[in-house]
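Engineer: One structure is given below, represented as structure tokens, and several questions about it will come after.
The values are calculated or read from the model by the stated rules, or taken from the named source; none is laboratory data. Only a predicted model underlies this, so the values are computations on that prediction, with no experimental measurement involved. Here the Cβ is made from the backbone with ideal geometry for all residues, glycine too, and neighbour counts use every protein chain on show. Accessible surface areas use protein heavy atoms only, side chains included; no ligands, DNA or RNA. Shrake-Rupley method; radii C 1.70, N 1.55, O 1.52, S 1.80 Å.
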Amino acid sequence: MNDLFDGLGQALRLLVTLDADLIEITGLSLRVSLGATVVASAIGLPLGAWIAVNRFRLRRTVIALLNALMGLPPVVVGLVVYVILSRSGPLGVLGLLFTPSAMVIAQVIIVTPIIASIAHQTIRDLWADYHDLLISLHATRRQRIVTLVWDARRGLLTAGLAGFGRAIGEVGAIMVVGGNIEHATRALTTAIALETGKGDFAMALALGFVLIALAIAVNLALHMLSGTERSSRW
Amino acid sequence: MVSPILPLTLDGVELRRAGRRILGPITLTLGGEGISIVLGPNGSGKTSLLRCMHGLERLSRGSLGWNRADDQVRARQAFVFQTPVLMRRSVIDNIAYPLRLDGVPAGRARRRAADLAETIGLAVTLDAPVQVLSGGERQKMALARALIRAPEVLFLDEPCASLDLASTAEIETILARARDAGTRIVMSTHNIGQARRLADDILFLDHGRLIEKGPGPAFFVGPLTPQARAHINGDLLP
């Protein structure tokens, strides 16, 4: 119990004193996770919408696969990305291993199925409502997808936030491909794992509290920016 | 002069679902002008007929052809559903939506939507979300959205089914005005009084088949089939 209070106290101290290391690893965590969420959204949102409005062979299989991939084990993703980016791997020439870019790549792979799957569910429900109208108005396939994505933006924000939540709390993949290198690839989650391993539970807890606060702050900020709780407006 | 999309010809049109025939075979030519009212008991195929005509259903058998065979055919028709489809947008953006699909700039589309809303008497805050509208206002909004492209043919599926008398009268006024402006209207209804007021001609369906077709006044004075007579008289049939 003492460790908990020590951790809380230390978290406050780190925040109040604007500890340089804390700022650095928090900044890296934010950059990597937000970057991965943006890239995964750019892939996952149109993909989810496309699957929702089109009928094609193996559609059910694709949806089932997408849902299954939501539970991808991060360590395995990290391992696969490691092999691909390692010097002897097919993309080794890019020299991305143990860089923040490698961490973003791994997180994009983990987060994209989550965003695509939630987006598919959201858009499928809206498509059921809009189907006859959009067909009747002779909307092109592209116009249908643009309309559905725009009108479902609140639900899609939730998809993005779910993706960000998974990314910011992820440790296995970024540990493998980033290497947890101080001043280079150390993120909040990998730093927590390191401090726990060293037995410095107070510091690990402090970083944990910062991580939770960060996740809540980003969620609140996005909700406020998009006006989700203003009921009188879409 | 752009050639009209009418007449519409249905040749042996049949619609089946799960092996069960729910419409047809129907052979019919829809031309001219005015308002055609589709009458018939529940399950007679009124909605299916309208949806087939508008191209919302894939025909199981038969064929359907318009006077033109290009993209303009769909763009020059509109459909008002029994339950208005409310897009998650403001009232004015719902009405302006078809123009936005046509590439009309947002400002111009919204101005035209506002003008049309005023013309049809939709006296609500146009920037409000469409969900705040009453049932009658929602149907008026749906009508405005359907009329904004000035369609040549307008299909309506029981547009006044859940409206009170005042809202029904307002909708009928809008429809009469659209007819006078040259829009060909095909509408289903259960309301015999409304059919008497609006019909230039009647299509009477029973068990998916078109069993009577003719001018409105003649139909109501002397229906040719016992089913139509019973329907007009409100008789309870087994």
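Engineer: What's the number of the only condition in (1) over 24 Å from B:Gly216 (Cα atoms); (2) open to solvent by 40 Å² or more (accessible area, probe 1.4 Å); (3) not in a strand (DSSP E or B) that B:Arg16 fails to meet?
Structural biologist: (3)
Engineer: Go through (1) without any contact (Cβ under 8 Å) to a residue 60 or more places away in the chain; (2) among the aliphatic types (A, V, I, L, M); (3) surrounded by fewer than 20 Cβ atoms within 10 Å (Cβ to Cβ) one by one and return the number of the condition B:Ala161 breaks.
Structural biologist: Here B:Ala161 meets the rest and fails (1).
Engineer: From the set of residues in the range B:101-120 that are within 12 Å of chain A (Cβ to nearest Cβ) and either charged (D, E, K, R) or not in a loop (DSSP other than H, G, I, E, B) (or both), which is least open to solvent (accessible area, probe 1.4 Å)?
Structural biologist: So the first thing to find is which residues in the range B:101-120 are within 12 Å of chain A (Cβ to nearest Cβ), and the list is B:101-103.
Subset that is either charged (D, E, K, R) or not in a loop (DSSP other than H, G, I, E, B) (or both): B:101-102.
On the way: B:Leu101: 25, B:Asp102: 88 Å².
Filtering the range B:101-120 for residues that are within 12 Å of chain A (Cβ to nearest Cβ) and either charged (D, E, K, R) or not in a loop (DSSP other than H, G, I, E, B) (or both), the one least open to solvent (accessible area, probe 1.4 Å) comes out as B:Leu101.
Engineer: Out of all the residues in the range B:69-77, is one or more open to solvent by 30 Å² or more (accessible area, probe 1.4 Å), of a type in the set (Gly, Ala, Ser) and either more than 14 Å from chain A (Cβ to nearest Cβ) or assigned to a strand (DSSP E or B) (or both)?
Structural biologist: yes
Engineer: Given the condition over 27 Å from B:Phe81 (Cβ atoms) and surrounded by 15 or more Cβ atoms within 10 Å (Cβ to Cβ), answer yes or no: does some residue in the range B:197-206 qualify? Even if it seems obvious, please write down each step before you answer.
Structural biologist: Kept after step one, since they are over 27 Å from B:Phe81 (Cβ atoms), are these residues of the range B:197-206: none.
Checked against the condition, which is being over 27 Å from B:Phe81 (Cβ atoms) and surrounded by 15 or more Cβ atoms within 10 Å (Cβ to Cβ), the range B:197-206 yields no hits at all.
Engineer: Only one of B:Pro98, B:Pro84 is open to solvent by less than 40 Å² (accessible area, probe 1.4 Å), within 13 Å of chain A (Cβ to nearest Cβ) and within 14 Å of the chain's Cα centre (by Cα). Can you tell me which?
Structural biologist: Working: B:Pro98 fails: within 14 Å of the chain's Cα centre (by Cα).
When all the criteria are applied, what remains is B:Pro84.
Engineer: For the range B:68-91, enumerate the residues that are closer than 17 Å to B:Thr9 by Cα, in contact with a strand residue (DSSP E or B) (Cβ under 8 Å, 6 or more places away or on another chain) and not charged (D, E, K, R).
Structural biologist: Of everything in the range B:68-91, just one residue is closer than 17 Å to B:Thr9 by Cα, in contact with a strand residue (DSSP E or B) (Cβ under 8 Å, 6 or more places away or on another chain) and not charged (D, E, K, R), namely B:Gln77.
Engineer: Regarding B:Asp127, is this residue open to solvent by 50 Å² or more (accessible area, probe 1.4 Å) and modelled with pLDDT of 90 or more?
Structural biologist: Working: open to solvent by 50 Å² or more (accessible area, probe 1.4 Å): yes; modelled with pLDDT of 90 or more: no.
Taking the combined requirement at face value, the residue does not satisfy it.
Engineer: While we're on this one: Can you find, within the range B:43-63, the residue that is nearest to the other protein chains (Cβ to nearest Cβ) among those that are crowded, with 17+ Cβ neighbours inside 10 Å and either among the basic types (Lys, Arg) or in a strand (DSSP E or B) (or both)?
Structural biologist: Of everything passing the filter in the range B:43-63, B:Arg51 is nearest to the other protein chains (Cβ to nearest Cβ).
Engineer: Would you pick out the residues in the range A:123-145 that are of a type in the set (Gly, Ala, Ser) and either within 7 Å of another protein chain (Cβ to nearest Cβ) or open to solvent by less than 70 Å² (accessible area, probe 1.4 Å) (or both)? Even if it seems obvious, please write down each step before you answer.
Structural biologist: Of the range A:123-145, the ones of a type in the set (Gly, Ala, Ser) are A:128, A:136, A:139.
The answer is A:Ser136, A:Ala139.
Engineer: List every residue pair whose Cβ atoms lie under 7 Å apart, where the two residues are 6 or more positions apart in sequence or sit on different chains, the first residue falls within the range A:104-120 and is under 16 Å from A:Ile174 (Cα atoms), and the second residue, located anywhere, is of a type in the set (S, T, N, Q).
Structural biologist: That search, which allows pairs on different chains as well, returns A:Gln107/A:Ser33; A:Val111/A:Thr37.
Engineer: Which of the helices (runs of 4 or more DSSP H) found entirely inside the range A:127-192 contain at least 2 residues meeting this: farther than 16 Å from A:Val77 by Cβ?
Structural biologist: Numbers: elements: A:141-151, A:153-168, A:172-178.
By residue number, A:141-151, A:153-168.
Engineer: Quick check on the range A:14-31: of everything there that is open to solvent by 70 Å² or more (accessible area, probe 1.4 Å) and touching a helix residue (DSSP H, G or I) at 6+ places or on another chain (Cβ under 8 Å), which residue is nearest to A:Gly172 (Cα to Cα)? It would help to see each step written out before you state the result.
Structural biologist: Going residue by residue through the range A:14-31, those that are open to solvent by 70 Å² or more (accessible area, probe 1.4 Å) are A:15-18, A:20-21, A:23-24, A:31.
Cutting the leftovers down to touching a helix residue (DSSP H, G or I) at 6+ places or on another chain (Cβ under 8 Å) gives us A:15, A:31.
On the way: A:Leu15: 26, A:Arg31: 17 Å.
That would be A:Arg31.
Engineer: Report, ordered by the first and then the second residue, all pairs with beta carbons closer than 8 Å, sequence separation of six or more or different chains, a first member in the range A:209-222 that is part of a helix (DSSP H, G or I), and a second member that is of a type in the set (Phe, Trp, Tyr) and crowded, with 16+ Cβ neighbours inside 10 Å.
Structural biologist: So the pair list comes out as A:Ala215/A:Phe164; A:Val218/A:Phe164; A:Asn219/A:Phe164.
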